[in-house]
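Just so it is clear, none of the values below were taken in a lab; they were calculated from the coordinates. Here the structure is a predicted model, which means the values were calculated and not measured. Every residue, glycine among them, receives a Cβ derived from its backbone with ideal geometry; neighbour counts consider all protein chains shown.
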Amino acid sequence: MVNIMTSLSVTEKEQSVWNILESVADPEIPVLSIVDLGIAREVNFARNGDLEVVISPTYSGCPAMDMISDEVKGALHKNGYQSASVKLSLSPAWTTDWMSEEGKNKLASYGIAPPEKITSNKRVLFGGQKQVSCPRCGSENSEQISEFGSTPCKALYRCKDCLEPFDYFKCI
């Protein structure tokens, strides 16, 4: 019997791992994979064939990283990568710019306003709030209710037109 993992080229193996990582959901926002979110950073194979996956937290105190690491290892082991390890990297720091466009679209469909394209918010310097579009009705007539939403990486907003509350995934 031929082991499929040893018969693939390094590039094919890397793509295989990225495909597996696409199946690992973020535990706080299950509609996003860790690839969509941009926290899966690197796939590295050592000369001896050992696999290392590098992940970065959305912020340094993210409580989900241990669970994500375990989920990555489990998914890789299930798919034949028995000697896989996961390395946590804090540098460079994660930014919402690493999120895929598909991931941002998934957030909006899920009812969470995706991060705006611009990560700086000069409006707050003058006491204003970030203008965020409602993921339900599309209105930009919204207000921030709380700097923190259901998780520390989200803020809680309310649409003034449809009156629905919604989370906004903060730009970092």
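Dipole size of the chain about its Cα centre, with +1 on Lys/Arg Cβ and -1 on Asp/Glu Cβ: approximately 320 debye, rounded to the nearest 20. For the pairs Lys78/Lys104; Lys13/Lys87; Lys106/Lys170, flag any whose C-alpha to C-alpha distance is greater than 20 Å. Flagged as over cut-off: Lys78/Lys104. Distance between the modelled labels on Trp18 and Asn105, one decimal in nanometres: 1.8 nm (7 Å Cα→Cβ projection). Estimated from the Cβ-Cβ distance and a Förster radius of 41 angstrom, the FRET efficiency linking Ser91 and Gln131 is about 0.85.
Using a 4.7 Å Cβ-Cβ cutoff, the cysteines of the chain lacking any partner cysteine are Cys62, Cys153, Cys171.
For the chain, adding -39500 (n - 2.57) for each run of n ≥ 4 DSSP H residues and dividing by the number of residues yields -7000 deg cm²/dmol at 222 nm. Since only Ala64, Phe169, Leu88 are under comparison, the one whose Cα sits farthest along the positive direction of the charge dipole of the chain, derived from C-beta charges on Lys, Arg, Asp and Glu, is Phe169. Extending 7 Å from Cα along the Cβ direction at Glu164 and again at Lys73 yields two label points whose distance is 4.0 nm. Over all directions, the projected convex hull of the C-alpha atoms in segment 4-94 averages 5.6 nm² in area. 3J(HN,Hα) couplings calculated from phi for segment 21-29 with the Karplus curve 6.51 cos²θ - 1.76 cosθ + 1.60 (θ = phi - 60°) are, in sequence order, 4, 4, 8, 8, 7, 5, x, 8, 9 Hz; Gly and Pro show x. Close amide H contacts of Lys87 (hydrogens built in the peptide plane, cut-off under 5 Å, sequence separation of 5 or more or a different chain): Val53, Val54, Ile55. Since only Val31, Leu156, Asn141 are under comparison, the one whose Cα sits farthest along the positive direction of the charge dipole of the chain, derived from C-beta charges on Lys, Arg, Asp and Glu, is Asn141.
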